[in-house]
Each structure stands twice: as C-alpha cells, then as structure tokens.
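Here is the structure we will look at, set down as structure tokens.
The values are calculated or read from the model by the stated rules, or taken from the named source; none is laboratory data. Just so you know, these numbers come straight off a predicted model, no measurement behind them. Because the Cβ atoms are built from the backbone with ideal geometry, glycine has one as well, and the counts that use them run over all protein chains shown. What goes into the accessible areas is simple: the full protein's heavy atoms, side chains included, and nothing from ligands, DNA or RNA. Shrake-Rupley method; radii C 1.70, N 1.55, O 1.52, S 1.80 Å.
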Amino acid sequence: MMTTSAAALVAQLPEPLLEVVDWAGAILLFIGVAFTLVAAIGLVRLPDLYSRMHAATKPQLLGLMFVCVGITLDTLDWRWVVLGLAVLTLQVVTAPVGSHLVGRAVYRTRRDEGRDLVVDELSDDLSSSSLGDGS
C-alpha cells in the first residue's frame with residue numbers, strides 16, 4: 001500500500017523502467033535465497049563448529065541483504081526501505097556477536113571436536129590474562 005505521493009511518483013515512471021526494476025528485484029530475491037540456501041547446507045554439511053559458525057553468519061547475512069534490497073525494488077515503497085535497513089542493522093550487529101560468543105564458549109569449555117586449529121592465539125591470550133582459568 002503506497003502513499004499518494006509515492007504512488008504518483010511510481011505512476012510517472014515509464015513502463016520499461018518499471019519492468020527493469022521488477023526484474024532486478026526478482027533477480028536479487030533469487031540471489032538472496034540462493035545464499036541463504038548455501039548457508040543452510042553449510043550448517044548441515046560442514047565438519048566442525050567453527051566452519052558451521054562461518055556458514056551461519058557470512059552467506060546468511062549476504063543473502064538477507066539481497067532479499068531486503070529485492071523486496072524494496074519489487075514494492076517501490078519507502079516503508080520497505082526503512083524496514084529493510086532496520087532488519088539489516090540488527091542482523092549486522094547481532095550475528096557476529098552471537099557467533100563470537102558461541103565460539104568462545106565452546107573453546108573455553110573445550111567442547112570443540114578434534115581441536116583442528118592450526119594457529120591457536122586465544123590460548124596465549126588466556127594464559128597471560130587473569131581470565132585464564134576458563135571462566
């Protein structure tokens with residue numbers, strides 16, 4: 001549902017331009033869904049926790065960005081722009097923080113599978129700090 005000024009602005013656009021915008025929105029939605037599908041497959045198929053956390057944050061966030069931009073282009077409404085920006089802002093802030101906290105908790109409780117780390121810089125930091133007791 002567009003406001004009258006937004007509807008009047010969209011009505012003034014030439015029909016070929018509206019068709020291009022619709023196609024661009026549909027393509028961006030498809031790309032976003034593909035990235036989200038890759039993230040879901042990565043969560044199931046990747047071998048260790050750290051790789052799964054990477055799959056849960058990186059392609060999922062990129063897919064969400066494509067979906068939000070695609071919806072905005074399909075609807076041509078400023079309210080979807082505001083909603084998309086709010087969703088993306090919250091996701092950009094919370095996804096890396098949550099992933100970091102899960103990874104650190106798993107590392108500190110020693111519940112990671114196999115300890116496949118090539119370089120372990122966190123153990124040096126923990127042994128030299130006052131928090132090295134695992135708390």
Please indicate, with yes or no, whether at least one residue in the range 67-90 is open to solvent by 50 Å² or more (accessible area, probe 1.4 Å), modelled with pLDDT of 85 or more, of a type in the set (Asp, Glu) and not in a loop (DSSP other than H, G, I, E, B). yes
Has the range 13-20 got any residue that is more than 30 Å from residue 109 (Cα to Cα), touching a residue at least 40 places away in the same chain (Cβ under 8 Å) and among the charged types (D, E, K, R)? no
Checking residue 47 against (1) under 25 Å from residue 109 (Cα atoms); (2) assigned to a helix (DSSP H, G or I); (3) not aliphatic (A, V, I, L, M), only one condition comes out false. Which one? (2)
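Going residue by residue through the range 79-91, is there one that turns out to be of a type outside the set (Lys, Arg) and in contact with a Gly (Cβ under 7 Å, 6 or more places away or on another chain)?
Among the residues of the range 79-91, not one is of a type outside the set (Lys, Arg) and in contact with a Gly (Cβ under 7 Å, 6 or more places away or on another chain), which makes the answer no.
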Top-ranked residue of the range 91-102 - restricted to ones that are open to solvent by less than 50 Å² (accessible area, probe 1.4 Å) and among the polar types (S, T, N, Q), ranked as nearest to residue 14 (Cα to Cα): 91
Which pairs turn up if I take residues in the range 55-79 that are within 10 Å of residue 39 (Cα to Cα) and look for partners that are not in a helix (DSSP H, G or I) with beta carbon separation below 9 Å, at least 6 apart in sequence or on another chain? 55/46
Any chance the range 109-123 includes a residue that's modelled with pLDDT of 70 or more, assigned to a helix (DSSP H, G or I), within 18 Å of residue 58 (Cα to Cα) and among the hydrophobic types (A, V, I, L, M, F, W, C)? no
Search result, residues across the range 52-63 that are out of contact with any Ser or Thr (no Cβ under 7 Å at 6 or more places or on another chain) and open to solvent by 40 Å² or more (accessible area, probe 1.4 Å): 52, 54, 58, 62
Do you know which of the residues in the range 37-50 that are open to solvent by less than 40 Å² (accessible area, probe 1.4 Å) and more than 22 Å from residue 66 (Cβ to Cβ) is nearest to the chain's Cα centre (by Cα)? 49
